[in-house]
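Novice: Right, I'll just put the structure down here and ask away after.
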């Protein structure tokens, strides 16, 4: 690492979040969701730490993500939640990756299987993204899967669109899923419906599920009102690399969008939008020596500018989020959600683990 810019990841806090949610779900199996490079935290190190804690089942979105993990962890269970293409089902079978089936067309793909493959059915209960929306088709698929030689149905699940903010719609989706379950024999199958919000708030009242999927709250975040027991798992850190002394009227950066109002000290930070610290952060704040300092001028591809107090100097550490300034504060600044703030930190930024 030659540039003093990195994402500091606290794996102990991540494990504490996992254990805290596990305590709340009445002994059901918690599946950590580690898609998108473990929400930006670095998937291999996150999985390694959780495996050390005895975790044996993880979920991802893409086949590429599953294969990256499988190369290092041959004995854990992996569920791919995204669509597995027709040409790729035998790759999933070869590497023992469980896939998700959400349409009759995808059931037909399984006729080309050359090896054993475990599958989960996804039921679309109202999010209208992935899964069987037509319940007659879902029932047909259930029976077809139970008759197949190589495909083994091992689980059924759905996904809630509003577990964090609309209880009425959440209940409607839950009822639709229960309606489908009532038409089949699901004994012995993995049944999972809850994401982070549903797991924390409602899972203890759902008797028929065996697993829950823990996504954003594994990483200490939520879209609900503040959840006190979750712990922050990362800080984005850089350091002041250069200082410019400005007099009143001097300009800063591309488009000269900032003008010094008097004698000012401007710090240059070696991080920019190519690192995922996007231009819309202009006008926000970072933390230096326990103080909030304003980002001024346009954020460049590799650098950005901050107005400094007199005592601040080159090589002082700068926390862009995860300290005095929370990830949620940055998300609010950018008019987005905490997920996006984490996931947009690019591979140029090393992950450092403690």
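The values are calculated or read from the model by the stated rules, or taken from the named source; none is laboratory data. Keep in mind the model is a prediction, meaning the values are calculated, not measured. Note that each Cβ is placed from the backbone with ideal geometry, even for glycine, and that neighbours are counted across all protein chains shown.
Novice: Under 18 Å from residue 334 (Cα atoms) and touching a residue at least 60 places away in the same chain (Cβ under 8 Å) - does that describe any residue in the stretch 281-292?
Specialist: Checking the stretch 281-292: not a single residue is under 18 Å from residue 334 (Cα atoms) and touching a residue at least 60 places away in the same chain (Cβ under 8 Å).
Novice: Ok, one more. In the list 217, 241, which residue meets the criterion of being modelled with pLDDT of 95 or more and in contact with a helix residue (DSSP H, G or I) (Cβ under 7 Å, 6 or more places away or on another chain)?
Specialist: 217
Novice: Out of everything in the stretch 207-228 that is farther than 21 Å from residue 59 by Cα and in contact (Cβ under 8 Å) with a residue 24 or more places away in the chain, what residue ends up being surrounded by the most Cβ atoms within 10 Å (Cβ to Cβ)?
Specialist: Ranking the candidates gives 227 first.
Novice: Here's another thing I want to ask about it. Considering only the stretch 26-50, state which residues are assigned to a loop (DSSP other than H, G, I, E, B) and either under 23 Å from residue 275 (Cα atoms) or modelled with pLDDT under 95 (or both).
Specialist: Hits for the stretch 26-50 are 26, 27, 34, 40, 41, 42.
Novice: A further question follows. Just to be sure I understand, how many residues within the stretch 313-338 are over 20 Å from residue 258 (Cα atoms) and either out of contact with any helix residue (DSSP H, G or I) (no Cβ under 8 Å at 6 or more places or on another chain) or surrounded by fewer than 19 Cβ atoms within 10 Å (Cβ to Cβ) (or both)?
Specialist: 18
Novice: A follow-up question, please. Going residue by residue through the stretch 188-206, is there one that turns out to be within 30 Å of residue 350 (Cα to Cα) and not in a loop (DSSP other than H, G, I, E, B)?
Specialist: Looking through the stretch 188-206, at least one residue is within 30 Å of residue 350 (Cα to Cα) and not in a loop (DSSP other than H, G, I, E, B).
Novice: Okay, next question. Select from the stretch 339-352 the residues that are buried (at least 16 other Cβ atoms within 10 Å of the Cβ) and in contact with a strand residue (DSSP E or B) (Cβ under 8 Å, 6 or more places away or on another chain) and list them in ascending order.
Specialist: 341, 342, 345, 349, 351
Novice: Could you tell me whether residue 295 is buried (at least 16 other Cβ atoms within 10 Å of the Cβ), under 26 Å from residue 10 (Cβ atoms) and at pLDDT 95 or above?
Specialist: For residue 295, the condition - buried (at least 16 other Cβ atoms within 10 Å of the Cβ), under 26 Å from residue 10 (Cβ atoms) and at pLDDT 95 or above - is met.
Novice: Restricting attention to the stretch 51-66, which residues are part of a helix (DSSP H, G or I) and either touching a helix residue (DSSP H, G or I) at 6+ places or on another chain (Cβ under 7 Å) or at positive phi (or both)?
Specialist: Within the stretch 51-66, 63, 65 meet the criteria.
Novice: Given the criterion in a loop (DSSP other than H, G, I, E, B) and assigned by TED's automatic domain parsing to the domain that holds residue 61, identify the matching residue among 164, 224.
Specialist: Result of the check over 164, 224: 164.
Novice: While we're on this one: Select, from 283, 290, the only residue that is surrounded by fewer than 14 Cβ atoms within 10 Å (Cβ to Cβ) and in contact with a strand residue (DSSP E or B) (Cβ under 7 Å, 6 or more places away or on another chain).
Specialist: Every option except 283 fails the conditions.
Novice: Please verify whether the stretch 316-338 includes one or more residues that are more than 27 Å from the chain's Cα centre (by Cα) and at pLDDT 95 or above.
Specialist: Yes, the stretch 316-338 contains at least one residue that is more than 27 Å from the chain's Cα centre (by Cα) and at pLDDT 95 or above.
Novice: Here are the criteria: (1) modelled with pLDDT under 95; (2) in a helix (DSSP H, G or I). Tell me which single one residue 142 does not satisfy.
Specialist: (1)
Novice: Of all residues in the stretch 145-174, which are in contact with a helix residue (DSSP H, G or I) (Cβ under 8 Å, 6 or more places away or on another chain) and touching a residue at least 40 places away in the same chain (Cβ under 8 Å)?
Specialist: Hits for the stretch 145-174 are 145, 150, 151, 164.
Novice: Out of 25, 33, 9, which single residue is under 30 Å from residue 241 (Cα atoms), touching a strand residue (DSSP E or B) at 6+ places or on another chain (Cβ under 7 Å) and in contact (Cβ under 8 Å) with a residue 40 or more places away in the chain?
Specialist: From the options 25, 33, 9, the qualifying one is 9.
Novice: Let me ask you something else. From the residues in the stretch 241-259 that are farther than 16 Å from residue 308 by Cβ and in contact with a strand residue (DSSP E or B) (Cβ under 6 Å, 6 or more places away or on another chain), which one is surrounded by the fewest Cβ atoms within 10 Å (Cβ to Cβ)?
Specialist: Ranking the qualifying residues of the stretch 241-259, first place goes to 251.
Novice: Then there's this: How many of the residues making up the stretch 190-206 are surrounded by 18 or more Cβ atoms within 10 Å (Cβ to Cβ) and over 21 Å from the mean Cα position of the chain (by Cα)?
Specialist: 3
Novice: Search the stretch 149-174 for residues being surrounded by fewer than 18 Cβ atoms within 10 Å (Cβ to Cβ) and in contact with a strand residue (DSSP E or B) (Cβ under 9 Å, 6 or more places away or on another chain), and hand back the single one that is nearest to residue 210 (Cα to Cα).
Specialist: 154
Novice: A further question follows. Could you grab me the full set of residues in the stretch 86-108 that are over 19 Å from residue 44 (Cα atoms), in contact with a helix residue (DSSP H, G or I) (Cβ under 8 Å, 6 or more places away or on another chain) and surrounded by fewer than 21 Cβ atoms within 10 Å (Cβ to Cβ)?
Specialist: 86, 88, 90, 91, 103, 104
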